[in-house]
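One structure is given here, and the rest of the page talks about it.
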Amino acid sequence: MAASKNKTPDFFKDESFDPMDVATGPGRTGQDSEKSIHSDAGKGAIPKAGVGHAANKKKAGFYISVDLLERFSRKFYEMKLAGVAIENKSALLELALSFALDDLDKGPKSRVLEVIEAQ
């Protein structure tokens, strides 16, 4: 009997694909994208808050008020129009969240904590 030309894929094989490579094409993620982000650092660029590959990221599921979301989007597009080298909304949100968490780490001197306690 002749061997089948159509091989059935092994669905249990531990070989995964990179969703960023699928979306943007191979070679546009990982080391190359990190170089392009850091090469703009002296030009007022805003680097990604999360360091590394897209596999280090996870989609978050929580609610934000419509007013805050519209304000965030408006600010993002204002920055883009002003020529600020911000990669995407996720990078801006990661940066803002990182600043807020750094502030909360200050304990009683935290401005975020001060606002929370004033409510």
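In a residue-by-residue description of segment 69-86, the property of being over 24 Å from Arg111 (Cα atoms), touching a Phe, Trp or Tyr at 6+ places or on another chain (Cβ under 8 Å) and in contact (Cβ under 8 Å) with a residue 12 or more places away in the chain applies to at least one position.
Out of the residues in segment 55-76 that are among the aromatic types (Phe, Trp, Tyr) and exposed (fewer than 11 other Cβ atoms within 10 Å of the Cβ), which is farthest from the chain's Cα centre (by Cα)?
Narrowing segment 55-76 to residues among the aromatic types (Phe, Trp, Tyr): 62-63, 72, 76.
From what's left, exposed (fewer than 11 other Cβ atoms within 10 Å of the Cβ): 62-63.
Details: Phe62: 16, Tyr63: 18 Å.
Result: Tyr63.
Within segment 86-99, being in contact with a Pro (Cβ under 9 Å, 6 or more places away or on another chain) and of a type in the set (A, V, I, L, M, F, W, C) holds for Ala91, Leu95.
Name the single residue, out of those in segment 77-119 being small (Gly, Ala, Ser) and surrounded by 11 or more Cβ atoms within 10 Å (Cβ to Cβ), that is farthest from Lys57 (Cα to Cα).
This residue is Ser110.
FYI, it's all coordinate maths here, none of it is from the lab. Remember, it's a predicted structure, so these values are computed and weren't measured experimentally. Here Cβ is always computed from backbone atoms with ideal geometry, including for glycine, and neighbour counts include all displayed protein chains.
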